[in-house]
Amino acid sequence: MDSIKKLVNKKSFMTGVILILLVLILWIYFMVRPNDEKEVKIQNVELEELQIFFDKEILSGIEDLSIEKGSDVDLGALVDFDGTIIKNVETDDSQIDYDTKGNYEAVYTITFDGDSLRRFLDENEAEVSFDTEGTEVIVRVVSDITITDETEKENEEVSSNSETGSNPSSENNTSASDPTGTNENTNKSPNKDTGTSHQHQWQPHYAERWVSNIVTVVDVPEQKVSGARFYVKDAQGNLVAQGPTYWFENGFTLDDLKEIIKNGIKNADDEGLYEGVYYGNYQNVTKTIPAVTHEEDQGYYEKYIDYYFCSCGATKGAE
């Protein structure tokens, strides 16, 4: 009977431990999960809320556009951004039918570097409506894309010209029966559709490129170092300045040289030599220590036009 009770108590204890572990795991999951979700939260903003980035040329190419039906347009290629503040811009135009006129939306997902974004806003004393906390700040913005029928656009232009009386040939146009122009029932020539096509208004699209300028930077300049070279005897017994040389560098001073000379003379043999060296005189010598340098690219970013674009969505290469 006692063994049965012990077995039951043991099972109850293990069950309790398992339940406690499950509760602990669930608590950790729900405590950590909100922070993770906050870090990757995508915030929806209006186009005008990004105006500070357009004005400072941090971001460009995201705008409401009118595009001619059937045009080959890459909205993503129109986007340009400063890579030090914006890490990436994703363009979604999957809902746009470029072959069918109508009103559509393009969706742009912009990923900011959190630290760089906050620093940019502080430096420009600017504020934005969206949350800027976190290592990454992701916002989603929508632009209106209108796919137009070119024929309708031409008719609208002709109609507009007619309403404003822009057809000069119709003014003061009298009939042949009234050459004086006094007939009130003057027959005026009606406006005609001249088939005027869309005229591209090309705008430059700017980008930046690095212009390299390799220069040599001197870390330690060239140095001239003085020294003293002592004499030794050659095969014929003549003293020649080919003995040990002491350079005034790395802390070696004239006092150190004097001590060497004093010791050499004091311990000289009958020939006036100490260990084969004559210390009674020395030759002044110099040497050049080359400069310590390194190569450095001191280039700069150059702004240039990489292509031209029209509000209709058409693009052309830079000339």
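The values are calculated or read from the model by the stated rules, or taken from the named source; none is laboratory data. Here the structure is a predicted model, which means the values were calculated and not measured. Please note: Cβ atoms are built from the backbone with ideal geometry, for glycine as well, and neighbour counts cover all protein chains shown.
Is it the case that segment 267-284 has a residue that's in a helix (DSSP H, G or I), buried (at least 16 other Cβ atoms within 10 Å of the Cβ) and of a type in the set (Val, Ile, Thr)? Within segment 267-284 (the criterion being in a helix (DSSP H, G or I), buried (at least 16 other Cβ atoms within 10 Å of the Cβ) and of a type in the set (Val, Ile, Thr)), the answer is no, since none of the residues qualifies.
Reported count of residues in segment 285-301, each being among the small types (Gly, Ala, Ser) and either within 30 Å of Ala207 (Cβ to Cβ) or assigned to a strand (DSSP E or B) (or both), is 1. In segment 57-80, the qualifying residues are those that are assigned to a loop (DSSP other than H, G, I, E, B) and out of contact with any helix residue (DSSP H, G or I) (no Cβ under 8 Å at 6 or more places or on another chain), and the one that is surrounded by the fewest Cβ atoms within 10 Å (Cβ to Cβ) is Asp72. The condition (being touching a residue at least 40 places away in the same chain (Cβ under 8 Å), among the β-branched types (Val, Ile, Thr) and touching a strand residue (DSSP E or B) at 6+ places or on another chain (Cβ under 8 Å)) is satisfied by just one residue among Val285, Val240: Val285.
Inside segment 302-319, can you point out the residues that are under 17 Å from the mean Cα position of the chain (by Cα) and over 13 Å from Asp80 (Cβ atoms)?
Looking only at segment 302-319, we keep the residues that are under 17 Å from the mean Cα position of the chain (by Cα), and these are 302-306.
Of everything in segment 302-319, just one residue is under 17 Å from the mean Cα position of the chain (by Cα) and over 13 Å from Asp80 (Cβ atoms), namely Glu302.
Scan segment 302-312 and give yes if some residue there is farther than 30 Å from Val73 by Cα, in a strand (DSSP E or B), in contact with a strand residue (DSSP E or B) (Cβ under 6 Å, 6 or more places away or on another chain) and touching a residue at least 24 places away in the same chain (Cβ under 8 Å), otherwise no. Checked against the condition, which is being farther than 30 Å from Val73 by Cα, in a strand (DSSP E or B), in contact with a strand residue (DSSP E or B) (Cβ under 6 Å, 6 or more places away or on another chain) and touching a residue at least 24 places away in the same chain (Cβ under 8 Å), segment 302-312 yields no hits at all. For residues in segment 192-237 being in a loop (DSSP other than H, G, I, E, B) and over 30 Å from Gly313 (Cα atoms), which is modelled with the lowest pLDDT? The residue in question is Gly237.
Of all residues in segment 285-295, how many are out of contact with any Ser or Thr (no Cβ under 8 Å at 6 or more places or on another chain), exposed (fewer than 13 other Cβ atoms within 10 Å of the Cβ) and either under 29 Å from Ser212 (Cβ atoms) or among the hydrophobic types (A, V, I, L, M, F, W, C) (or both)? Total satisfying the criteria: 3.
Looking at segment 84-105 only, could you name the residues that are in a strand (DSSP E or B) and either under 24 Å from the mean Cα position of the chain (by Cα) or more than 16 Å from Ile67 (Cα to Cα) (or both)? Listed by number, the residues that qualify are Ile86, Lys87, Asn88, Val89, Glu90, Thr91, Asp92.
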